[in-house]
Amino acid sequence: MLNVEDIRKDFPILGLSVYGKPLVYLDNGATTQKPRVVVDAISNEYYNVNANVHRGVHFLSQKATELHEQARETIRAFIHAKSTSEIVFTRGTTESVNLVASCFSEEFMNEGDEVIISAMEHHSNIVPWQMAANRRGIRIKVIPINDKGELLIDEYKALFTDRTRLVSVTHVSNVLGTINPVKEIIGIAHEHGVPVLIDGAQSAPHMPIDVEELDCDFFAFSGHKTYGPTGIGVLYGKEVWLDRLPPYQGGGEMIQHVSFEKTTYNELPYKFEAGTPDYVGSHALAVAIDYLSALGMDNIQEYERSLTDYAMQQLQEIEGMRIYGTADNKDAVISFLVGDIHHLDLGTLLDRLGIAVRTGHHCAEPLMHRLGIEGTVRASLSFYNTREEIDALAAAINRLRQMF
Ligand code: PLP
């Protein structure tokens with residue numbers, strides 16, 4: 001499958017010690033570490049290529065443009081989109097969702113129209129809709145979950161009315177690890193003629209994505225969670241939708257002609273890319289994606305699934321352990337509380353033992369309310385994590401539990 005020992009050598013940061021302990025990095029849901037090739041691609045581009053893209057006739061500008069547009073093609077292939085016109089560069093998942101919420105609601109939603117989201121959304125797939133709701137007078141409906149952290153599909157079906165305009169749900173929960181049955185969710189929405197946005201922030205780094213096969217209308221993900229740099233992300237949109245949406249921001253790049261009376265907009269995808277794009281970030285993201293593709297997304301998924309199963313087993317054996325998110329179809333995210341230890345205390349003490357986990361509400365406060373808790377400790381895994389690191393986590397929790 002994967003040679004994790006060799007893979008770890010590609011990630012220099014994993015060799016760090018913190019507080020004199022070897023770093024165990026289990027905060028991959030927040031951001032992933034970068035392989036050396038990605039960091040090298042960034043410095044190489046600044047040293048040897050740097051020039052603004054699209055507008056220049058000179059050598060460097062053309063070279064930078066080539067790298068930027070090749071990156072778009074790499075991303076198109078990675079998620080199996082039909083055309084590079086459907087790949088819009090953004091700053092990340094958050095901006096991608098804001099773009100759709102803003103442009104879609106402006107064009108297609110009026111007072112009394114409805115958008116369906118789910119109880120397990122990240123704030124970035126809640127707040128943009130609330131902002132749109134405030135502007136447009138639309139209603140937000142929420143798909144509930146069961147106690148295992150799975151969406152209730154019958155309840156979802158019952159939410160549709162003739163005012164439903166869009167469904168926007170996460171592929172994988174960043175708290176529960178639930179892999180949602182998005183293909184089924186999309187199919188149901190399409191039966192009602194309703195398009196679907198998938199938040200792929202936690203799925204694109206972990207499993208093969210095929211937007212054509214899923215038949216989603218929009219798909220968003222972040223570069224920095226996908227082993228690429230921060231500040232770059234992707235919005236995939238079917239051409240039929242992107243064509244009909246108004247631009248998001250105005251400025252350079254997104255125009256065809258401007259006069260003081262009138263502006264005509266650029267073709268897709270540039271209509272949505274106002275201003276100088278992050279052309280270094282796009283190229284470095286493509287390098288990250290090439291790295292993932294060389295490992296094989298199927299292999300990554302299989303390895304991470306087996307590591308997650310192992311981690312679930314090890315953690316469940318700990319006295320007082322309560323795991324939030326026990327869906328049958330679960331990805332590499334494990335949220336938990338132990339006894340009555342506060343999540344912040346546990347996270348802080350784990351850090352002192354060299355173990356990086358996340359604590360708090362994980363930008364999903366409504367989900368915390370549903371679970372009746374304030375926050376959790378979250379371990380989120382990557383293909384570069386090992387069973388030894390899971391053992392270290394379990395041993396550390398046991399030690400701290402006894403201390404408490
Ligand atoms: N959606 C989910 C499910 C996430 O986990 C995150 C980040 O944690 C986001 C959206 C937001 O991603 P970003 O901050 O990269 O825009």
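The values are calculated or read from the model by the stated rules, or taken from the named source; none is laboratory data. Only a predicted model underlies this, so the values are computations on that prediction, with no experimental measurement involved. With ideal geometry, Cβ positions are generated from the backbone for all residues, glycine too; neighbour counts draw on all protein chains shown. The protein model used for the area step is the full one, side chains on, heavy atoms only, and it has no ligands, DNA or RNA in it. Shrake-Rupley method; radii C 1.70, N 1.55, O 1.52, S 1.80 Å.
Available extension along the chain between Phe108 and Gln316 is 70.2 nm, counting 0.36 nm per residue and deducting the alpha carbon span. Relative protection proxy for 249-255, 96-102, 205-211, from highest mean packing down: 96-102, 205-211, 249-255 (other beta-carbon atoms within 10 angstrom).
Each Lys and Arg adds +1 at its Cβ and each Asp and Glu adds -1 at its Cβ; summed about the Cα centre, the chain shows a dipole of about 800 debye.
Lysine pair count for the chain with Cα-Cα distance under 17 Å and sequence separation of 8 or more or different chains is 10.
With an 8 Å cut-off on Cα pairs and a minimum separation of 6 or more residues, tell me the relative contact order of region 40-294 in percent. Can you show the working numbers first?
Values: 483 pairs, mean separation 62.4, N = 255.
Relative contact order for region 40-294 comes out at 24 percent.
Among 347-355, 170-178, sorting by the average number of other beta carbon atoms lying within 10 angstrom of each residue, highest first, gives 170-178, 347-355. With a cut-off of 16 Å on the backbone N, the residues of region 319-343 near the modelled label site 7 Å out from Arg401 along Cα-Cβ are 319-324, 335-343. Counting only DSSP H runs of at least 4 residues, each contributing -39500 (n - 2.57), and dividing by the residue count of the chain, the helix-based mean residue ellipticity at 222 nm comes to -12500 deg cm²/dmol. The spread of Cα positions in region 146-281, taken along each principal axis and listed from longest to shortest, comes to 56, 40, 23 Å.
Restricting region 248-329 to trypsin sites (Lys or Arg not before Pro) that sit in a DSSP loop and have at most 10 other Cβ atoms within 10 Å of their own Cβ leaves Lys262. When you filter the trypsin sites (Lys or Arg not before Pro) in region 69-134 for DSSP loop state and at most 13 other Cβ atoms inside 10 Å of their Cβ, you are left with Lys82. Based on protein heavy atoms only, the chain ends up with 42 Å² per residue of surface accessible to a 1.4 Å probe. Could you check what % of the DSSP bridge pairs in the chain are antiparallel, to the nearest 5? So the antiparallel bridges amount to about 60 percent of the total. With the charge dipole of region 1-149 set up from +1 on Lys and Arg Cβ and -1 on Asp and Glu Cβ about the Cα centre, the Cα lying farthest toward the positive end among the listed residues Val24, Tyr46, Val88 is that of Val24. Split the accessible area of region 106-258 by element, probe 1.4 Å, and carbon with sulfur accounts for 46%.
Write out the trypsin sites (Lys or Arg not before Pro) in region 128-209 meeting two conditions: DSSP loop, and at most 15 other Cβ atoms within 10 Å of their Cβ.
In loop regions of region 128-209 (DSSP not H, G, I, E or B), the sparsely surrounded trypsin sites (Lys or Arg not before Pro) are Lys148, Arg163.
Using R0 = 45 Å, the C-beta based FRET efficiency linking Glu302 and His257 works out to 0.30.
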